[in-house]
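First comes the structure, then the notes that go with it.
The values are calculated or read from the model by the stated rules, or taken from the named source; none is laboratory data. From a predicted model like this one, the values you see are computed outputs, not experimental measurements. Here the Cβ positions follow ideal geometry from the backbone for every residue, glycine too, while neighbour counts run over all protein chains shown.
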Amino acid sequence: MSDLDALYRELILDHSKHPQHFGLADEEGAHATSYQKNPVCGDEITLRARIEDDGDTVRDVTWEGRGCSISQASASMLSDLVVGMTRTEAVAFVDGFREALRSRGAIELDENTYADAAALSGVSKFSARVKCAMLAWVALEDALGRA
């Protein structure tokens, strides 16, 4: 295992053990909630998104879930990254993540754009784990579509 792979594994485990934005904010003031479950492995997440008064900017994202370290780390990473994005930017962000994870390793996530979530690039080589990493991202996409 390379030093970079080891660092990425450590980063994923750290986000899994110390998740960011974990714990659902009160429903009052929330614009949309999405529940998603991966029936293959049992990972599940409930994600709540709040939109600024401008009706377009993501104010915050909170979540609760259970599952493997990849699904939990991915939710933690995502919730940190999308705050301040417009809906359009957030949807494009999710699309870029999805494209990289479905590429089977052909597309690496850019660290400047995806920050800690770039550590999930290696998941694309394991199709069974892609759904784990995508769960929170699909929940955000669903929530923004409802908001």
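Listing for the model above:
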quantity: Within the stretch 94-103, considering residues that are in contact with a helix residue (DSSP H, G or I) (Cβ under 9 Å, 6 or more places away or on another chain) and not in a loop (DSSP other than H, G, I, E, B), the one surrounded by the fewest Cβ atoms within 10 Å (Cβ to Cβ); calculated: Asp95
quantity: Residue check, Leu81 under 20 Å from Glu44 (Cβ atoms) and either touching a Ser or Thr at 6+ places or on another chain (Cβ under 9 Å) or of a type outside the set (Val, Ile, Thr) (or both); calculated: no
quantity: Among the residues listed as Leu24, Leu13, the single one being in contact (Cβ under 8 Å) with a residue 60 or more places away in the chain and out of contact with any His (no Cβ under 8 Å at 6 or more places or on another chain); calculated: Leu13
quantity: Selection from the stretch 104-147 of residues that are farther than 22 Å from Val83 by Cβ, touching a helix residue (DSSP H, G or I) at 6+ places or on another chain (Cβ under 6 Å) and exposed (fewer than 14 other Cβ atoms within 10 Å of the Cβ); calculated: Arg104, Gly105, Glu108
quantity: Which numbered condition Ala75 misses (of (1) under 21 Å from Val91 (Cα atoms); (2) surrounded by fewer than 18 Cβ atoms within 10 Å (Cβ to Cβ); (3) in contact (Cβ under 8 Å) with a residue 12 or more places away in the chain); calculated: (2)
quantity: Given (1) among the aliphatic types (A, V, I, L, M); (2) in contact (Cβ under 8 Å) with a residue 24 or more places away in the chain; (3) farther than 19 Å from Ala6 by Cα, index of the condition Ala106 fails; calculated: (2)
quantity: From Thr86, Thr113, residue being touching a Gly at 6+ places or on another chain (Cβ under 8 Å), modelled with pLDDT of 95 or more and not hydrophobic (A, V, I, L, M, F, W, C); calculated: Thr113
quantity: Residues of the stretch 82-93 classified as surrounded by fewer than 20 Cβ atoms within 10 Å (Cβ to Cβ), of a type outside the set (S, T, N, Q) and not in a loop (DSSP other than H, G, I, E, B), total; calculated: 4
